[in-house]
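Following: one structure in structure tokens, then a few remarks.
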Amino acid sequence: MTHAYEVSRFLAGLMLLASFSLLCQDRLAAVLNTFAAQAVLLSMAVGWEAWTQDRPHLFITAALALGLKAIIIPVALRRMVDRLGLTRGVDKVVGVGSTLMIGLALTSLALLLVLRVTASAESFTREGLALALAIVLLGLLMMITRRSVVTQIVGFMSLENGLILAATGARGMPLVVEISVAFSVLIALLVFGVFVFDIHDRFEGVGVEAIERVRGDRE
Amino acid sequence: MRLRLDPLAAFFGLIVNIGVAAASVYGLGLDRDHELSPRVEPLFPAFAAAMNLVLIADDVYSFLFFWELMSLSSWALVVARHDDPANRHAGHVYLVMAAIGTMALLLAFAGLAGGAGDLAFASLRAAPRAPYVAGLVLVAALVGAGSKAGLAPLHAWLPLAHPAAPSHVSALMSGVMTKVAIYAVIRIIFDLLGAPAWWWSLPLLALGAATAALGLLYALFDNDLKRVLAYSTVENIGVIFVALGLALAFRATGLEGSAAVALAAGLLHALNHSWFKSLLFLGAGAVLHATGKRDFDGLGGMIHNMPKTAAFWLVGAMSIAALPPFNGFVSEWLLFQAVLTGPSFPVPVLRFLSPVVGALLALAAALAAACFVRAFGVAFLGRPRDPATANAHEAPRAQLIAMGALAALCLAGGLFGGVIVQIIKPILVAFAGAALPGMDAGPTPFSLVAFSAARSTYDAPTVAAFLLASGCLSTWCAHRLSSRRTRRAPAWDCGFPEPSPRTQYTASSFSQPLRRVYGGLLFGAVEKVDMPAPGDARPARLTVTLRDYLWEWFYRAPARAVSRVSLWLDRLQSLPMRDYLLMMSGALIALLLVAAGLS
């Protein structure tokens with residue numbers, strides 16, 4: 001039984017590593033590859049949960065994660081980058097070094113918090129929950145510190161990965177929730193995609209500044 | 001929902017429903033096509049019903065609900081003529097003040113109920129509370145009910161909103177709705193808050209006395225008939241608050257007899273004011289309808305075209321100026337009886353404060369007389385200042401009946417004040433701990449005795465009989481000893497043969513001496529004379545500018561601060577997306593830190 005938890009904790013740790021790695025990529029292609037890798041790790045983690053906890057319906061979630069997030073969305077985003085001729089580099093607001101330092105601080109906050117708050121709970125799931133929270137916070141950090149629309153989409157979905165990890169770690173979460181989460185990611189992608197094309201058609205640029213120009217905020 | 005009718009509610013119900021009846025009869029005489037509209041007709045009964053329901057509410061929920069219904073229906077009546085921007089402004093100020101007032105009342109009831117959660121008045125009475133909570137409830141109740149009644153400095157909406165409504169609604173708002181607010185003050189402070197402490201009376205006395213004096217100074221310097229009446233309402237509310245404050249102080253220091261006199265003065269003044277203020281507003285409405293004018297500069301000589309209205313208005317003006325034998329005198333007399341027992345206070349602060357309050361009340365009484373001499377003299381006497389005024393017609397019969405009934409009530413209230421004091425005996429015993437001496441204590445059946453027959457008796461029928469007899473005698477003598485012939489001669493015109501009615505004494509000229517005395521300090525009055533150069537034929541002009549300091553400090557300054565803060569907050573509406581994300585995650589992380597720190 002302890003083996004099962006160690007493996008799932010290992011996979012969650014790898015996902016956290018992928019989140020950190022997302023934060024220090026310089027190229028959009030590398031960002032998308034790393035995200036795909038994180039999605040593969042997620043599907044493995046969810047699949048492992050399904051196997052060890054004998055909850056076969058979690059395989060559906062694992063398959064959704066693998067198919068949608070590891071393959072379809074990264075491919076779609078890469079084609080978008082190619083077709084629109086976006087800059088291949090990642091436009092940063094905060095430098096890689098400081099981003100990583102903030103990320104470390106957030107991770108330690110997550111660990112500290114979850115371990116303290118859940119001190120009385122079952123000991124095996126606590127670390128998993130802490131790692132999931134750290135992934136969520138790092139996804140937020142990525143959305144804040146990276147400027148281009150593609151990196152914001154990726155940050156959002158990596159945040160979503162953390163959520164699904166936390167949801168599958170907890171027992172008794174019904175499947176309905178997971179499917180709806182997966183669909184919400186897809187819908188978000190569609191919305192973002194439409195936005196991106198629309199912005200490109202009108203303003204020939206996919207910086208968030210273009211959205212601000214649409215709203216007429218900054219002259 | 002709990003409803004209950006106790007003597008206090010019944011007394012105020014009398015005030016409300018006499019006012020409503022008079023205003024309704026007056027309304028029969030209104031011009032269906034021009035003065036009544038679908039904006040007024042359905043709301044008038046709603047307003048009247050809401051005022052009645054406030055009085056019989058017996059729990060917090062229904063009280064606040066009906067209170068708000070009363071505010072909103074009267075607001076809708078104020079903005080019934082919203083095509084005039086001044087009315088829209090009045091409605092706006094009123095709505096803001098009503099919202100603040102209801103919020104304060106909500107806080108007051110929250111303090112009364114404490115954490116118990118039972119909102120019936122009976123359990124509010126029984127709930128124990130700390131002295132500082134009682135103090136906070138007192139302040140909140142004064143803000144909440146005081147803003148509706150017109151207690152300075154929360155009065156500013158009143159002279160805007162009361163004149164803006166149709167005249168019979170003005171009469172209800174000024175004569176009756178302010179009394180519902182007085183009822184709320186008595187209900188909360190005298191009834192629900194429990195045994196009083198002497199310092200509770202300090203805000204009532206100080207604010208009441210200041211309101212009384214200030215309200216009349218405003219009235220004296222204003223040139224709009226209906227606004228003068230509204231400012232005079234502010235003054236009368238101040239008088240009632242002083243009476244309530246005295247009753248509270250006497251009650252708390254164990255002087256129940258004086259407390260009964262002060263409370264009787266307050267209740268009686270509330271009743272009397274509802275009669276003569278309704279009468280005056282209805283008369284002003286008749287004048288407004290006949291001439292289309294509210295401004296003193298356009299009125300004048302109304303007594304020739306509207307003799308009956310003028311006679312009724314004169315009765316109202318004499319009552320409000322507290323002249324015997326009318327009803328205003330009775331309540332003011334009782335109030336001064338209470339003030340005169342001030343030296344028996346065991347608390348030094350109250351002993352020193354009561355003469356000051358008495359002096360301010362005396363000032364207010366004198367100013368009230370001046371104010372209504374000015375109002376009646378300028379509007380009804382002299383010659384018309386405007387052609388429209390010269391062709392005015394007498395009010396319709398229904399309106400005359402309403403005004404006549406109120407005038408009769410003013411006289412009856414003056415003659416039989418002693419009877420009314422006996423009728424309100426249960427209220428006095430319940431809230432002051434004592435009652436006034438009975439009907440048999442005085443020398444004649446209808447005399448009013450405050451403490452004892454030897455010390456303080458007002459024998460109204462005798463006084464009235466004396467006034468009548470001496471008046472008839474002097475009239476008879478004057479007619480007998482001089483020529484009976486009525487002569488008409490040109491008015492004295494200061495030696496300048498200009499026949500224009502503009503050369504008459506105006507409302508501004510009348511108030512100039514008082515303005516010279518009080519205007520500089522309290523209103524920052526500046527008089528500027530524009531004197532033409534020698535040889536220039538244009539007339540010289542005197543312009544007077546007054547500043548309303550209360551408006552500037554208590555209304556405009558906070559309004560400016562609020563708009564500055566909201567402008568600053570408005571920038572949050574248009575930040576880049578990343579900043580919103582940053583704020584959200586900042587909030588999330590802060591909450592996580594709090595959670596980590598707490599566990």
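On the given criteria, is B:E552 under 43 Å from the mean Cα position of the chain (by Cα) and either without any contact (Cβ under 8 Å) to a residue 12 or more places away in the chain or within 14 Å of chain A (Cβ to nearest Cβ) (or both)? So B:E552 passes the test. Within the stretch B:208-225, being farther than 15 Å from B:F241 by Cα and of a type in the set (G, A, S) holds for one residue alone: B:A219. Counting residues in the stretch A:72-79 that are open to solvent by less than 50 Å² (accessible area, probe 1.4 Å), out of contact with any strand residue (DSSP E or B) (no Cβ under 7 Å at 6 or more places or on another chain), within 14 Å of another protein chain (Cβ to nearest Cβ) and aliphatic (A, V, I, L, M) gives zero.
Output the number of residues of the stretch B:124-152 satisfying the condition of being part of a helix (DSSP H, G or I), without any contact (Cβ under 8 Å) to a residue 24 or more places away in the chain and either in contact with a Ser or Thr (Cβ under 8 Å, 6 or more places away or on another chain) or open to solvent by less than 40 Å² (accessible area, probe 1.4 Å) (or both). Of the residues in that region, 1 qualify.
Within the stretch B:438-454, can one find any residue that is within 25 Å of B:E256 (Cα to Cα), out of contact with any helix residue (DSSP H, G or I) (no Cβ under 9 Å at 6 or more places or on another chain) and either basic (K, R) or assigned to a loop (DSSP other than H, G, I, E, B) (or both)? There is at least one residue in the stretch B:438-454 that is within 25 Å of B:E256 (Cα to Cα), out of contact with any helix residue (DSSP H, G or I) (no Cβ under 9 Å at 6 or more places or on another chain) and either basic (K, R) or assigned to a loop (DSSP other than H, G, I, E, B) (or both).
Here is the figure for the stretch B:375-391: residues that are more than 22 Å from B:S232 (Cα to Cα) and open to solvent by 10 Å² or more (accessible area, probe 1.4 Å) total 9. The residues on offer are A:S158, A:S184, and the sole one that is away from every other protein chain (no Cβ under 12 Å) and modelled with pLDDT of 85 or more is A:S158.
Per this entry, A:V31 is counted among residues that are part of a helix (DSSP H, G or I) and open to solvent by less than 50 Å² (accessible area, probe 1.4 Å).
Check the stretch A:110-128 and report whether any residue there is at the interface with chain B (Cβ under 8 Å from one of its Cβ atoms), hydrophobic (A, V, I, L, M, F, W, C) and open to solvent by less than 50 Å² (accessible area, probe 1.4 Å). Yes: one or more hits. Listed by first and then second residue, the pairs with beta-carbon distance under 7 Å, at least 6 apart or on different chains, first residue in the stretch B:429-450 and not assigned by TED's automatic domain parsing to the domain that holds B:A412, second modelled with pLDDT under 85 and surrounded by fewer than 15 Cβ atoms within 10 Å (Cβ to Cβ), form an empty list. What tally of residues in the stretch B:290-310 results from selecting those that are open to solvent by 10 Å² or more (accessible area, probe 1.4 Å) and in contact with a His (Cβ under 9 Å, 6 or more places away or on another chain)? Here the count works out to 2. So, of the residues in the stretch A:80-109 that are closer than 30 Å to B:G597 by Cα and among the β-branched types (V, I, T), which turns out to be farthest from the other protein chains (Cβ to nearest Cβ)? Step by step, filter the stretch A:80-109, then rank; the result is A:V96. Residues that are surrounded by fewer than 10 Cβ atoms within 10 Å (Cβ to Cβ) and more than 14 Å from every other protein chain (Cβ to nearest Cβ) within the stretch B:563-595 comprise B:S566, B:L567, B:W568, B:L569, listed in sequence order. Does B:E552 satisfy the criteria of being part of a helix (DSSP H, G or I) and open to solvent by less than 90 Å² (accessible area, probe 1.4 Å)? Answer is yes for this residue. When each of B:A454, B:A460, B:A441 is tested for being exposed (fewer than 12 other Cβ atoms within 10 Å of the Cβ) and closer than 30 Å to B:N272 by Cβ, the lone residue that passes is B:A454. Residues that are within 20 Å of B:W275 (Cβ to Cβ), open to solvent by 10 Å² or more (accessible area, probe 1.4 Å) and touching a helix residue (DSSP H, G or I) at 6+ places or on another chain (Cβ under 7 Å) within the stretch B:350-371 comprise just one, B:A365.
Among the residues of the stretch B:1-23, those that are assigned to a loop (DSSP other than H, G, I, E, B) and surrounded by fewer than 16 Cβ atoms within 10 Å (Cβ to Cβ) comprise B:M1, B:R2, B:R4, B:L5. Taken together, the criteria exclude B:S331 from residues that are touching a Gly at 6+ places or on another chain (Cβ under 6 Å) and under 23 Å from B:A171 (Cβ atoms). Filter the stretch A:22-44 for residues that are touching a Ser or Thr at 6+ places or on another chain (Cβ under 7 Å) and under 18 Å from A:I73 (Cβ atoms) and give the result. Within the stretch A:22-44, A:L22, A:Q25, A:V31, A:T34, A:F35, A:Q38 meet the criteria. Of all residues in the stretch B:501-522, those that are closer than 16 Å to B:D224 by Cα have Cβ atoms under 8 Å from Cβ atoms of residues that are charged (D, E, K, R) and outside any loop (DSSP other than H, G, I, E, B), 6 or more apart or on another chain, in B:T506/B:D297; B:A507/B:D297; B:A507/B:R374; B:F510/B:R374; B:S511/B:R374. With respect to the conditions (1) buried (at least 21 other Cβ atoms within 10 Å of the Cβ); (2) within 23 Å of B:G27 (Cα to Cα); (3) at pLDDT 90 or above, B:A398 falls short on a single one, namely (1). In the set (1) more than 14 Å from chain A (Cβ to nearest Cβ); (2) hydroxyl-bearing (S, T, Y); (3) open to solvent by less than 50 Å² (accessible area, probe 1.4 Å); (4) in contact with a helix residue (DSSP H, G or I) (Cβ under 7 Å, 6 or more places away or on another chain), B:S509 fails one condition alone, (4).
Listed conditions (1) open to solvent by 60 Å² or more (accessible area, probe 1.4 Å); (2) under 29 Å from B:F336 (Cβ atoms) are all met by B:S482, apart from (2). If you go through the stretch B:290-327 and keep only what is within 23 Å of the chain's Cα centre (by Cα) and at pLDDT below 90, you end up with B:K293, B:R294, B:D295, B:F296, B:P324, B:P325.
When A:L138 is tested against (1) touching a Phe, Trp or Tyr at 6+ places or on another chain (Cβ under 8 Å); (2) more than 18 Å from A:F20 (Cβ to Cβ); (3) within 14 Å of chain B (Cβ to nearest Cβ), just one condition goes unmet, and that condition is (2).
The values are calculated or read from the model by the stated rules, or taken from the named source; none is laboratory data. Values in this document were obtained by computation on a predicted structure and should not be read as measured data. When we count neighbours, we look across all protein chains shown, and the Cβ atoms used for this are built from the backbone with ideal geometry, even at glycine. Just so you know, the surface numbers come from the protein's heavy atoms only, side chains and all, with ligands and any DNA or RNA stripped out. Shrake-Rupley method; radii C 1.70, N 1.55, O 1.52, S 1.80 Å.
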